[in-house]
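The values are calculated or read from the model by the stated rules, or taken from the named source; none is laboratory data. Quick caveat: nothing in here was measured; it's all calculated off a predicted structure. A quick note on method: Cβ atoms are made from the backbone with ideal geometry, for glycine too, and the neighbour counts reach across all protein chains shown. Heads up: the accessible areas ignore ligands, DNA and RNA and are worked out on the full protein's heavy atoms, side chains in. Shrake-Rupley method; radii C 1.70, N 1.55, O 1.52, S 1.80 Å.
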Amino acid sequence: MTHQVHIIGGGLAGSEAAWQLANRGVKVRLSEMRGGGDTTPAHQGDGLAELVCSNSFRSDDDTANAVGLLHYEMRQCNSLVMKAAEVAQVPAGSALAVDRDVFSDNVEKCLTEHPNVEIVRERVDALPSEGTTIVATGPLTAASLAQSIGTATGADSLAFFDAIAPIVYRDSIDMDICWIQSRWNKRTEASNEEGDYINCPMTKEQYLAFWQGLIDGEKTEFKEWEADTPYFDGCMPIEVMAARGVETLRFGPMKPVGLDNPHDVTPEFPQGRWPYAVVQLRQDNKLGTLWNMVGFQTKLKHRAQVELFRTIPGLENAEFARLGGLHRNTFLNSPTLLDRQLRLKSAPHVRFAGQITGCEGYVESSAIGMLAGLMTATELAGRDWTPLPRTTALGALLSHITGDAEADSYQPMNVNFGLFPMPDDDSIKKKQRKAYYTERAKRDMAEWLRAARITEPA
Ligand SMILES: Cc1cc2nc3c(=O)[nH]c(=O)nc-3n(C[C@H](O)[C@H](O)[C@H](O)COP(=O)(O)OP(=O)(O)OC[C@H]3O[C@@H](n4cnc5c(N)ncnc54)[C@H](O)[C@@H]3O)c2cc1C
């Protein structure tokens, strides 16, 4: 079969992209290296769309949960992953969990039986220099292709490990304790007027207890194939740094110098005293709703992170959009490399999809695969793409990846309400926001589906 689009990678994103294209009459070649003599360190079999770890697509609640809302929006676009999940569903309360074999078999059957899809079990070793292409090779992209992508995008643009610092919702930080200031009030052209960091002050006792908590906290182990993770500069786990000595953090990410605490003013220090140690948070998205804990990438278990980080003054009631982690993970610096339609700016015949774009999770990867398929189909039909409203879960995630995230600190991201624009109306209370976001998203999604002519397959 002569193909119009070459999709590389038959995981969640590649399978979803293939389905969307094929249903719009586009002939697709889907290259998957498993089943052709290759595999990844995490996959167990050769099936398309294999779930490599948990069998859950997380919450299915589309009235109060961002990932549940993403499910809803994907269903509106006739998502293959959502259809197959329904067939394979197993009981899991409000979560959408599946029998992973039934799920993968169903995805594979739908694509194998589709007249517009040719599945080829082959490893692709280089980015095609021409022809419409979607690269969906995931967090464990084969080394040869990763090298080719690295060459095309620049050495600093493709990461092989994530080093995720926790991200906190701005409105859960107690500003009666914290304050905004850049160290020594330093500013750049991009600086906010007040300063660029939220500072959480610590006394000596608080710091020592916190340091001990880092040392004692329960950590996750690296998987066998991740064990040689290199701790390169700037992404050493905070607990590894702490283990070097009790003062190391005070001379590193928790350095208090140049930070005048306005909540601790004395006649001698009318601007405010420097605390003993400080935890700094930096803005993580253009909306200013999410802030990351600078230098706090960690392998502490999630529960241990929540417990320990809520002992930080000002973060007692912190809500986390994402907790920290460190894994092997191949991903692009998408905010700088990709345009708003997931195309590589330097080679627009290539789109990227799935986790390699820096989204995180089964659902998000599938969603971005779905969008890559829809965008490519629209382009091949000679039509303009109708941008997705940022008020939808799909639009919020896509905007984050393709330009709204801070490129310097770009790390994989799950969908969450912190990516959504805040309500225009100040009277909407925090408790009512989830309902507001989901209702607004559904309304805007319906309009977009009409405008973008995303219809059921023929
Ligand atoms: C160990 C691990 C555990 C994870 N656990 C979870 C979890 O529990 N829940 C969750 O939501 N997310 C999890 N994730 C994150 C992520 O959601 C999944 O990795 C998800 O499968 C990503 O979808 P994808 O389509 O982008 O990549 P994948 O599903 O990995 O698909 C990529 C496909 O490309 C193929 N491929 C790679 N290179 C080539 C090449 N050169 N030529 C041809 N084919 C190639 C691979 O064989 C693979 O089939 C996990 C990730 C990892 C690494």
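Values as computed for the structure displayed
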{"quantity": "Total residues in the stretch 399-445, condition assigned to a helix (DSSP H, G or I) and free of Cβ contacts under 8 Å to residues at least 12 places away in the same chain", "calculated": "4"}
{"quantity": "Conditions (1) in contact (Cβ under 8 Å) with a residue 60 or more places away in the chain; (2) open to solvent by less than 20 Å² (accessible area, probe 1.4 Å); (3) within 12 Å of the ligand (Cβ to nearest atom); (4) closer than 19 Å to I368 by Cα: number failed by R58", "calculated": "(2)"}
{"quantity": "Within the stretch 122-138, considering residues that are within 11 Å of the ligand (Cβ to nearest atom) and either small (G, A, S) or open to solvent by 40 Å² or more (accessible area, probe 1.4 Å) (or both), the one nearest to the chain's Cα centre (by Cα)", "calculated": "G138"}
{"quantity": "Pick from the stretch 172-199, criterion among the charged types (D, E, K, R) and at pLDDT below 95, ranking: nearest to the chain's Cα centre (by Cα)", "calculated": "D196"}
{"quantity": "Residue count, the stretch 246-297 (criterion: part of a loop (DSSP other than H, G, I, E, B) and either surrounded by fewer than 18 Cβ atoms within 10 Å (Cβ to Cβ) or of a type in the set (F, W, Y) (or both))", "calculated": "24"}
{"quantity": "Residues (of a type in the set (S, T, Y), more than 7 Å from the ligand (Cβ to nearest atom) and open to solvent by 10 Å² or more (accessible area, probe 1.4 Å)) located in the stretch 326-365", "calculated": "T336, S346"}
{"quantity": "Candidate set from the stretch 90-121 (those that are under 25 Å from the mean Cα position of the chain (by Cα) and at pLDDT 95 or above); member that is surrounded by the fewest Cβ atoms within 10 Å (Cβ to Cβ)", "calculated": "S104"}
{"quantity": "Helices (runs of 4 or more DSSP H) fully within the stretch 298-397 counting 3 or more residues that are hydroxyl-bearing (S, T, Y)", "calculated": "362-380"}
{"quantity": "Condition met for E73 (among the acidic types (D, E) and either within 9 Å of the ligand (Cβ to nearest atom) or at pLDDT below 95 (or both))", "calculated": "no"}
{"quantity": "First in the stretch 202-225 and modelled with pLDDT under 95, second anywhere and open to solvent by less than 80 Å² (accessible area, probe 1.4 Å) and among the aromatic types (F, W, Y), Cβ under 6 Å, 6 or more apart", "calculated": "none"}
{"quantity": "Only one of A42, A22, A13, A18 that is surrounded by 17 or more Cβ atoms within 10 Å (Cβ to Cβ), more than 21 Å from T2 (Cβ to Cβ) and of a type in the set (A, V, I, L, M)", "calculated": "A13"}
{"quantity": "Extreme residue, farthest from L145 (Cα to Cα), among residues of the stretch 17-44 that are more than 7 Å from the ligand (Cβ to nearest atom) and at pLDDT below 95", "calculated": "Q44"}
